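Below is one structure, written out as structure tokens, with a few remarks after it.
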Amino acid sequence: MEIFLDSANLSEIQKWTDMGIIDGVTTNPSIMLKDGAYNIETRAKEIAKLISPNPLSVEVTTNDLAEMVSQAKKFDSWAQNIAIKIPQINQDGVPCYGVIKQLEEAGIMVNATVALSIGQVMLSAKAGATYISIFAGRISDEGGDSAAVIANSADWLERWDYKSKIIVGSIRSVGDVISAALAGAHIVTTPPAMLA
Ligand code: E4P
């Protein structure tokens with residue numbers, strides 16, 4: 001299993017990289033702001049360089065599908081190890097799988113984010129996503145069984161030989177990390193505090 005850091009904090013990323021603990025980094029617009037990155041391009045380039053060749057996920061900031069594609073292409077040009085986070089559905093409930101397919105076909109790594117069910121995992125895998133982020137904390141918030149979603153998704157991807165790797169995010173406790181690990185997550189992305 002790999003461990004990613006869910007952070008845009010350069011000193012934390014450096015610290016856990018130096019210890020040989022992390023295999024990649026995930027961010028989103030809120031994490032960037034929380035960690036003082038007001039210029040996404042500058043911080044993304046700094047992180048990508050620091051962890052290269054390991055992957056950095058950067059999320060699109062638009063609700064418009066065509067704009068997602070052009071924004072993703074721009075983000076992708078910043079460094080070779082950037083994966084683009086595309087949501088399962090936009091804020092109007094429109095599925096974004098066509099965007100995922102188009103980007104992967106253009107050779108751009110996609111992290112299909114905010115997956116809350118095995119159905120969404122199946123659709124993201126079919127669309128060709130390199131990574132699929134299951135949001136464990138948010139599944140639990142709705143009374144769901146995140147460990148079951150992770151375990152069933154990992155089994156299904158393996159049974160049908162899909163390339164997609166599950167990243168479990170929305171981690172709220174050390175117990176969530178262990179639970180995701182034991183359920184069969186390929187990757188867990190965690191805030192630095194959980195590692196500490
Ligand atoms: C993972 O890739 C996300 O950045 C993160 O874990 C989001 O979690 P939250 O918004 O539910 O805290």
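The values are calculated or read from the model by the stated rules, or taken from the named source; none is laboratory data. Just so it is clear, the model here is predicted, and its values are computed rather than measured. FYI the Cβ positions are ideal-geometry reconstructions off the backbone, even for glycines, and counts take in every protein chain you see. Please note that ligands, DNA and RNA were not included when accessible areas were found on the heavy atoms of the full protein model with its side chains. Shrake-Rupley method; radii C 1.70, N 1.55, O 1.52, S 1.80 Å.
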Dipole moment magnitude, nearest 20 debye, the chain about Cα centre, only Lys, Arg, Asp, Glu C-beta charged: 240 debye
Among Lys73/Lys101; Lys34/Lys101; Lys34/Lys163; Lys45/Lys74; Lys45/Lys126; Lys101/Lys165, which pairs are too far apart, with a Cα-Cα distance over 23 Å? Lys34/Lys101; Lys34/Lys163; Lys45/Lys126
State the answer as a single residue: which of Val99, Asn63, Met194 lies farthest towards the positive end of the charge dipole of segment 41-196, with beta carbon charges of +1 for Lys and Arg and -1 for Asp and Glu, about the Cα centre. Met194
Contour minus end-to-end for Arg172 and Lys34, with contour as 0.36 nm per residue of separation and end-to-end as the Cα-Cα distance? 48.1 nm
Rounded accessible area per residue of the chain, 1.4 Å, Å²: 46 Å²
Given a 1.4 Å probe and every protein chain left where it sits, what share in percent of the accessible area of segment 1-158 is carbon and sulfur? 50 percent
At q = 0.15 Å⁻¹, what base-10 log of I(q)/I(0) does the Debye formula yield for segment 78-183 when every alpha carbon is treated as an equal point scatterer in vacuo? -0.59
Counting helices only, and only those DSSP H runs with n ≥ 4, report the 222 nm mean residue ellipticity of the chain as the sum of -39,500 (n - 2.57) divided by its residues, in deg cm²/dmol to the nearest 500. -13500 deg cm²/dmol
Given Cα positions, please report Rg to Rh for segment 6-60, the hydrodynamic radius being the Kirkwood one. 0.92
